[in-house]
Amino acid sequence: MTTPTKEPSPVLLWFRKDLRLDDNHALQAAATSGRAVIPVYIREPGVTERGPLGGAQEWWLHHSLAALQTALDGLGSRLILRQGNALTVLEKLIEETKAEAVVWNRRYDPAGIDVDTQIKKALRSKGIEANSFAGQLLHEPTRLRTGAGDHYKTYTPFWRAFEQSGEPPFPIEAPAKLLAPGRWPQSDTLASWSMLPTKPNWASEFTDMWKPGEAAAQEKVKDFIDGAIDDYAVGRDFPDRPATSLLSPHLALGEISPARIWHATRRLADNIAKDNVVRFRKELVWREFCYHQLFHFPKLRTENWNDRYDDFPWLSDTKLLTSWQRGQTGYPIVDAGMRQLWRHGWMHNRVRMITASFLIKDLLIDWRNGEAWFRDTLVDADPAANAANWQWVAGSGADASPFFRIFNPVLQGEKFDPDGGYVRTFVPELSKLDSKYIHRPLEAPDDVLKRAGIELGKHYPRPIVDHAMARQRALAAHASLKDGR
Ligand code: FAD
């Protein structure tokens, strides 16, 4: 008679901002461990510094988790959903399943780092193996250092160091199968998390615009390198041109790894204009640079990187803030951007810069209000990219646009949306207005407005602030600051 061999205890595979099977090092470690694998996603409400996900990103998360469940089914596995304090949930799962190991991919937002450090310590102290892996970035944020051993504060030398550091690691393939446990632990249902808006359903247009999930992300990379990347270097500045990858929401929840995208563009280098590939890669490296900043200055979301801005005389005006949020400023390119954000949960990068500049410099409203609004409404809300870019526009960031560079929203509109196609899409009440006046309806003669069916102040607002006055006011406010670091 043979004695029954004891099955090895399972390993918990903790998914976080890495909702994919491809190029997933924690998954690979679990799959090759010889143990049964129990994939789990924990909704961690109430981690205040990180905050709950914004509403738009919760919509995305719902669909992304559904896609991950389907993909795991295909490997003979499941996704266990639980909510609560991550350590408490993991300890409970360990007790229920007798797991002796937990693996995950690292995250780099400050609250996430705190939580993970405590969890690793607590689990190890109980004899549970706890291992973490890289995967959210091309390089770990500690890897690139200046000659003096410091972290980088400006982008250009960061990019140079990045180029000189060799190719980012090659992506690894998804496993073909996962060993299932003898018994699955109980799971919440996705529906019970109520992450989809109902009354009202403000995300009704998201479904036409987006397809969350890993398979869609892979498809999008392929489509982009087969097409739009050809116009990237120039076209990326024109919001009415489909020249950018639209990969940001997929990257934000880790449905695709930056390494997979980076290496997908390698195959292209010979076929298409190098400018396009380099420019695109530089944007991926901006994402890295934002994480580099957040990692080395964890208060990036709440405090000015440059403390000179701590005494900035911000105005507090809820009415103006609401007009900006609703796309009712009377500046067509600003309003188009803010309405694109509301309708699609996304805004073109050029217009993000224009709308942010308008809030900060024309309305003199603290950049943190804009960061919070974007965080709640963007499907690609990202703790590093959002905070770093808001500080970039505000002038308070590490490698910031100088404060005196104040966008004129009319000229920006005329330069980057010359025919007004973008404005017409998102501000339909202006759709019949002559191109000559599409970015300056205030200057349109009465008969032109009449022909377009517009009465200013009734169908479309008059400007809520005079840009020339606002510019002078912003420069004076800036001049009043003492020197900082
Ligand atoms: P592509 O042009 O195709 O670029 C490819 C990828 O590179 C993007 O998906 C993104 O991951 C990265 N990238 C591009 N531009 C930047 C940038 N300036 N900074 C950091 N990474 C970049 N991006 C976010 O992902 N999340 C945010 O919350 C976010 N908030 C922003 C707030 C402001 C005020 C501004 C000015 C920019 C913000 N961005 C943010 C950066 C940028 O606007 C978006 O990444 C980009 O528009 C996404 O579209 P895409 O995927 O088509 O970009």
(request) Let me see the pair-distance distribution of the range 2-117: every alpha carbon pair, 10 Å bin width, integer percents in order. (result) 12, 43, 34, 8, 2, 0
(message) Run the Debye formula on the Cα coordinates of the range 361-420, all scatterers equal and no solvent, and tell me log10 I(q)/I(0) at q = 0.15, 0.20, 0.23 1/Å.
(response) -0.55, -0.89, -1.01
(request) Taking the chain as the reference, fit the longest principal axis to its C-alpha atoms, fit the long axis of helix 214-226 to the helix C-alpha atoms, and give the angle between the two in degrees, 0 to 90, nearest 10. (result) 50 degrees
(message) How long are the semi-axes of the equivalent ellipsoid of the range 252-394, taking √(5λ) for every eigenvalue λ of the Cα gyration tensor, in whole Å from largest down?
(response) 30, 19, 13
(message) Taking the Cα of LEU456, stepping 7 Å toward and past its beta carbon, and measuring to each backbone N in the range 407-450: which are under 13 Å?
(response) 437-450
(request) Can you give me the three principal axis dimensions of the chain from its C-alpha atoms, in Å, biggest first? (result) 99, 51, 49
(message) Can you tell me how the range 419-477 classifies by the Cα gyration tensor, rounded, prolate or oblate, using a/c under 1.5 as the rounded cut?
(response) prolate
(request) Would you mind checking which residues have amide H under 5 Å from TYR460's amide H? H placed 1.01 Å from N; only 5 or more apart, or other chain. (result) GLU455
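Can you order the peptides 8-18, 75-85, 366-376, 464-474 by their average number of other Cβ atoms within 10 Å per residue, highest first? Spell out each step's value before the answer.
Values: 8-18: 22.6, 75-85: 18.3, 366-376: 20.6, 464-474: 15.4.
Per-residue mean Cβ counts within 10 Å order the peptides as 8-18, 366-376, 75-85, 464-474.
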(message) Once the cut-off is 28 Å, how many percent of the Cα-Cα pairs in the range 113-272 end up in the long-distance tail?
(response) 45 percent
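Against the empirical 2.2 N^0.38 Å scaling, what ratio does the C-alpha Rg of the range 192-277 come to?
Against the empirical 2.2 N^0.38 Å value, I get 1.29 for the range 192-277.
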(message) What is the percent carbon and sulfur in the accessible area of the range 1-131, measuring with a 1.4 Å probe over the protein chains and ignoring ligands?
(response) 53 percent
(request) State the Cα centre-to-centre distance between the range 364-419 and the range 281-298 in whole Å. (result) 16 Å
(request) Between beta-carbons, use under 12 Å as the cut-off and find the net charge around MET338, counting Lys and Arg +1, Asp and Glu -1. (result) +3
(message) Rounding to the nearest 10 and keeping the result within 0 to 90°, find how far the Cα-based axis of helix 155-164 lies from the longest principal axis of the chain.
(response) 40 degrees
(request) Please give the contour-minus-distance gain from SER431 to ALA148: 0.36 nm per residue of separation, less the Cα-Cα distance, rounded to one decimal in nm. (result) 96.3 nm
(request) Would you mind working out the accessible area per residue for the chain, using a 1.4 Å probe, and quoting it in Å²? (result) 45 Å²
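Please pull out the direction-averaged projected area of the range 363-485, using the convex hull of its alpha-carbon atoms, in nm² to one decimal place. The partial results should precede the final answer.
Working: hull surface 37.0 nm².
Value for the range 363-485: 9.3 nm².
How much of the accessible area of the range 331-485, in percent, comes from carbon and sulfur atoms when a 1.4 Å probe is used?
On the way: 3220 of 6070 Å².
About 53 percent, which is the carbon plus sulfur part of the accessible surface.
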(message) Quick check on packing: order 257-265, 109-117 by the mean number of other C-beta atoms within 10 Å, highest mean leading.
(response) 257-265, 109-117
(request) Add +1 for every Lys or Arg and -1 for every Asp or Glu among the other residues with Cβ under 14 Å from the Cβ of LEU363, and state the total. (result) +1
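Count the net charge of all other residues whose Cβ sits under 14 Å from the Cβ of LEU449, scoring Lys and Arg as +1 and Asp and Glu as -1. If you can, show how the numbers build up before the last one.
Numbers: positive: LYS432, LYS436, ARG440, LYS450, ARG451, LYS458, ARG462; negative: GLU429, ASP434, GLU443, ASP446, ASP447, GLU455.
Once all neighbours under 14 Å are counted, the net charge is +1.
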(message) When 1/r is averaged over all different Cα pairs and the result inverted, which Kirkwood radius in Å belongs to the range 185-332?
(response) 19.2 Å
(request) Keeping the other protein chains in place, figure out the carbon and sulfur percent of the accessible area of the range 232-316, with a 1.4 Å probe. (result) 48 percent
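The values are calculated or read from the model by the stated rules, or taken from the named source; none is laboratory data. For clarity, every value in this text was computed on a predicted model and none was experimentally measured. Ideal geometry is used to build each Cβ from the backbone, glycine not excepted, and the neighbour counts take in all protein chains shown. Accessible surface areas use protein heavy atoms only, side chains included; no ligands, DNA or RNA. Shrake-Rupley method; radii C 1.70, N 1.55, O 1.52, S 1.80 Å.
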